[in-house]
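See structure below.
The values are calculated or read from the model by the stated rules, or taken from the named source; none is laboratory data. This one's a predicted model, so the numbers in the text were calculated from it and none came from an experiment. All Cβ positions, even for glycine, are placed from backbone atoms using ideal geometry, and neighbour counts span all protein chains on display.
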Amino acid sequence: MLYSLLKKLLFLRDPEIAHESALRLLSGLQDSPAGSALLRALAGRVSTAPVQTMGLEFAHPLGIAAGFDKDARCVLALQELGFAFLEVGTVTPRPQPGNPRPRLWRFPEAEALVNALGFPGEGMEAVRVRLDSLRESGVLRIPVGVNIGRNKDTSGDQAASDYIEVLDHLHDVTDFFVVNVSSPNTAGLRDLQAVDKLRPLLSALMEHNHARGAKPLLVKIAPDLADDDVIAVGRLARELGLAGVVAGNTTIRRDLVPRAAVLDRGGLSGAPQFPRAVELVRLLRSELAEHQTLIAAGGISSSDRLARVLSLGADLAGVYTAFIYLGPRCVKQLLKT
């Protein structure tokens with residue numbers, strides 16, 4: 001009831017301004033014992049069944065996908081709200097403003113968003129400072145991953161150096177890495193999903209990762225890949241020994257929501273993506289080794305949907321848009337049986 005009222009107020013504001021307000025609120029609450037207690041009360045208690053994967057322990061399968069907390073500003077707040085893991089980012093080597101505004105649109109009738117953000121963020125240095133502080137505090141209880149990408153002004157043939165730079169800089173303060181080659185909002189980024197370009201990128205990252213002391217490394221793919229290309233990425237992940245795959249990201253199919261079809265840019269997230277998320281899980285689970293981790297993302301907006309992707313072989317699931325629409329009780333609602 002409280003979030004219903006708050007959501008009405010937030011939804012009167014520009015989506016990006018509302019998102020920034022939410023981040024500031026969560027960041028402020030996590031900084032005090034009373035605020036943390038309030039977050040736990042708002043979230044409610046859930047019964048959990050631990051998940052062991054990637055050599056890490058997760059209290060349950062549900063976490064926050066990349067995009068919500070790009071700069072690791074409210075990690076502890078999301079922990080108190082019950083999420084079992086958090087994917088920070090996308091993090092780039094240098095700070096960048098992202099694409100021109102407006103660049104975020106809501107479609108409540110479909111429980112969907114369209115974003116054309118373009119990796120705005122404070123860069124890896126700021127994220128490093130925050131994650132360092134969290135590790136030293138001793139209060140972090142959940143695995144935190146970093147979603148890594150390249151700066152907008154980095155040419156395609158130099159992309160690997162950006163990914164390696166972020167991996168190297170944040171290697172000792174994160175639990176796992178996700179290589180983002182699937183956002184539609186950075187020109188040329190999705191071209192890296194082609195296996196002939198993906199292989200050298202992932203090989204270089206794997207080599208560098210092992211040299212530092214291997215952390216789990218996953219690749220995140222777009223739902224818009226053809227089935228044959230999804231299968232090819234799964235086989236490549238198995239061949240190279242990646243920790244797993246995150247499937248998927250936002251889709252360029254804005255026609256899934258009639259009102260969004262008029263937009264000429266951006267990727268759509270939320271409930272309309274779910275059928276393709278199911279297909280991605282089916283395709284990838286059959287290609288990945290049993291020990292490799294599959295994280296489902298895309299339209300997981302109900303407990304039935306979460307149960308479905310888990311039953312098809314996903315180990316974990318990430319949400320973002322569902323959290324926007326469901327609010328503080330998101331974990332409780334999605335984990336209920």
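Looking across region 231-253 at every residue that is assigned to a helix (DSSP H, G or I) and surrounded by fewer than 24 Cβ atoms within 10 Å (Cβ to Cβ), the one that is modelled with the lowest pLDDT is identified as Ala232.
What residue, of Ser4, Ser47, is among the hydroxyl-bearing types (Ser, Thr, Tyr) and either without any contact (Cβ under 8 Å) to a residue 60 or more places away in the chain or not in a loop (DSSP other than H, G, I, E, B) (or both)?
Ser4
Among the strands (runs of 3 or more DSSP E) confined to region 50-130, the ones with at least 3 residues that are of a type in the set (A, V, I, L, M) are located at 86-91, 112-115.
Go through region 7-44 and give me each residue that's in a helix (DSSP H, G or I), small (Gly, Ala, Ser), closer than 23 Å to Leu335 by Cβ and more than 22 Å from the chain's Cα centre (by Cα).
Ser36, Ala37, Ala41, listed by residue number.
Select, from Glu57, Glu80, the only residue that is more than 13 Å from Val144 (Cα to Cα) and not aliphatic (A, V, I, L, M). From the options Glu57, Glu80, the qualifying one is Glu80.
Please go through region 282-309 and give me each residue that is within 17 Å of the chain's Cα centre (by Cα) and aliphatic (A, V, I, L, M), ordered by number.
Hits for region 282-309 are Leu294, Ile295, Ala296, Ala297, Ile300, Leu306, Val309.
Note on region 311-323: among residues that are crowded, with 24+ Cβ neighbours inside 10 Å and not hydroxyl-bearing (Ser, Thr, Tyr), the one that is nearest to Glu290 (Cα to Cα) is Ala314.
Pairs meeting the criteria (first residue in region 302-314 and at negative phi, second residue assigned to a helix (DSSP H, G or I) and not polar (S, T, N, Q), beta carbons under 6 Å, at least 6 apart or on different chains) are Ser303/Leu334; Arg305/Phe274; Leu306/Leu334; Val309/Val281; Leu312/Val281; Leu312/Arg282; Ala314/Val281. Can we say Ala261 is in a helix (DSSP H, G or I), under 16 Å from the mean Cα position of the chain (by Cα) and modelled with pLDDT of 90 or more? The answer is no for Ala261. Checking Leu56, Leu10 one by one, the residue that is out of contact with any Gly (no Cβ under 9 Å at 6 or more places or on another chain), of a type in the set (A, V, I, L, M) and free of Cβ contacts under 8 Å to residues at least 24 places away in the same chain is Leu10 and no other.
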